[in-house]
Amino acid sequence: MSQTEKLYEGKAKILYSTADSSILLTVYKDDATAFNAQKRGQIKGKGEINCQITAALFKWLESKDIPTHYIDCPQPNQMRVKAVTIVPIEVVVRNIAAGSLCRQTGLEEGQILSTPLVEYYFKSDELGDPLLTRDRIFLLDLVTPQRLAEIEDIARKINQNLQSFFDKCKITLVDFKLEFGIDAQQNLLLADEISPDTCRLWDQDQSDPKSRVMDKDRFRKDLGEVESAYQEVQQRVLAQLET
Ligand code: UDP
């Protein structure tokens, strides 16, 4: 795959244009950041693992009628994707209270939510990704009400599918972040990635609150064994897809 111009370098991925303007190339990096890039490090092999997990889950979600931007992986840490305009909203779906939800509401970590919570954050590093309200979304003209309804529906559908999938991997899907893009035909496509960088995943075989963490919280909280946790997620996801 010929990569041409570097379009954008993010915290975990680099985006290149290709000879075909409708296709972009994403290169996944081993770099890890947390707390709006105040904490920086590397997780060895992460680029390849996250690329492979995302590819596997996006392919599987496509089979469940969820359109994604995924095309293929020319290299283990590279993904060709359909060119889309990214909606500047980070969509977070939560099944269990953790992270900022606990910090901001006082809910106890681990509390099961009676119904999944869908939240929207403004995708802005400068502003520190603040929580949005519906009215703020429309005030800022980020999406139309119809598009937001479509985003919420698809986010809930993705959650239902992923929750049962991860359950079969003996992993609890605590929460995760999604990004969406709009293609030239105005179709909404799931974009970006779904990986241990963007999900909270708890090992159902472990009851200890630290031992059960299989995601970026191991890096955020200096819990150690970050690489092996990411590898374990990849192994379980790929093994489940083979069954
Ligand atoms: N998340 C993400 N990117 C972000 C913010 C959050 O992928 O910029 C993911 C995070 O990994 C977790 C979920 O979204 O799975 C909810 O994150 P939360 O709002 O609890 O923020 P945190 O506690 O990580 O600051």
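The values are calculated or read from the model by the stated rules, or taken from the named source; none is laboratory data. Just so we're clear, the structure is a prediction, and the values are computed from it rather than from any experiment. Here Cβ is always computed from backbone atoms with ideal geometry, including for glycine, and neighbour counts include all displayed protein chains. Please note that ligands, DNA and RNA were not included when accessible areas were found on the heavy atoms of the full protein model with its side chains. Shrake-Rupley method; radii C 1.70, N 1.55, O 1.52, S 1.80 Å.
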Open item on the list: Take E126 and tell me if it is among the acidic types (D, E), surrounded by fewer than 18 Cβ atoms within 10 Å (Cβ to Cβ) and closer than 23 Å to D183 by Cα.
Closed with: no
Open item on the list: List pairs: first residue in region 129-141 and closer than 15 Å to E90 by Cα and touching a residue at least 24 places away in the same chain (Cβ under 8 Å), second residue of a type in the set (S, T, Y) and within 16 Å of the ligand (Cβ to nearest atom) anywhere in the structure, Cβ distance under 6 angstrom, at least six positions apart or on different chains.
Closed with: D129/Y121; L131/Y121; L132/Y120
Open item on the list: So in region 93-122, with the set limited to residues that are open to solvent by less than 40 Å² (accessible area, probe 1.4 Å) and in contact with a helix residue (DSSP H, G or I) (Cβ under 7 Å, 6 or more places away or on another chain), which one is nearest to the ligand (Cβ to nearest atom)?
Closed with: R94
Task: Close pairs (8 angstrom Cβ cut-off, 6 or more residues apart or separate chains): closer than 15 Å to K13 by Cβ and within 14 Å of the ligand (Cβ to nearest atom) in region 35-54, polar (S, T, N, Q) and part of a loop (DSSP other than H, G, I, E, B) anywhere - done: N50/S195; I53/S195; T54/S195
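Yes/no matrix, rows are residues, columns are (1) open to solvent by less than 20 Å² (accessible area, probe 1.4 Å); (2) of a type in the set (A, V, I, L, M):
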residue	(1), (2)
A19	no, yes
Y28	yes, no
K39	no, no
V84	no, yes
V91	yes, yes
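Does S63 satisfy the criteria of being of a type in the set (S, T, Y), open to solvent by 50 Å² or more (accessible area, probe 1.4 Å) and either more than 16 Å from the ligand (Cβ to nearest atom) or in contact (Cβ under 8 Å) with a residue 24 or more places away in the chain (or both)?
On the way: of a type in the set (S, T, Y): yes; open to solvent by 50 Å² or more (accessible area, probe 1.4 Å): yes; either more than 16 Å from the ligand (Cβ to nearest atom) or in contact (Cβ under 8 Å) with a residue 24 or more places away in the chain (or both): yes.
So S63 fits the description; yes.
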Open item on the list: I'd like the full set of residues that are over 19 Å from G99 (Cβ atoms) and touching a Gly at 6+ places or on another chain (Cβ under 6 Å), limited to region 29-52.
Closed with: K29, D30
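Tell me which residues, restricted to region 92-128, are aromatic (F, W, Y) and over 19 Å from I158 (Cβ atoms).
F122, the sole residue that qualifies.
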TODO: Output the residues belonging to region 212-232 that are more than 16 Å from the ligand (Cβ to nearest atom) and either in contact with a strand residue (DSSP E or B) (Cβ under 7 Å, 6 or more places away or on another chain) or in contact (Cβ under 8 Å) with a residue 40 or more places away in the chain (or both).
DONE: E227, Q231
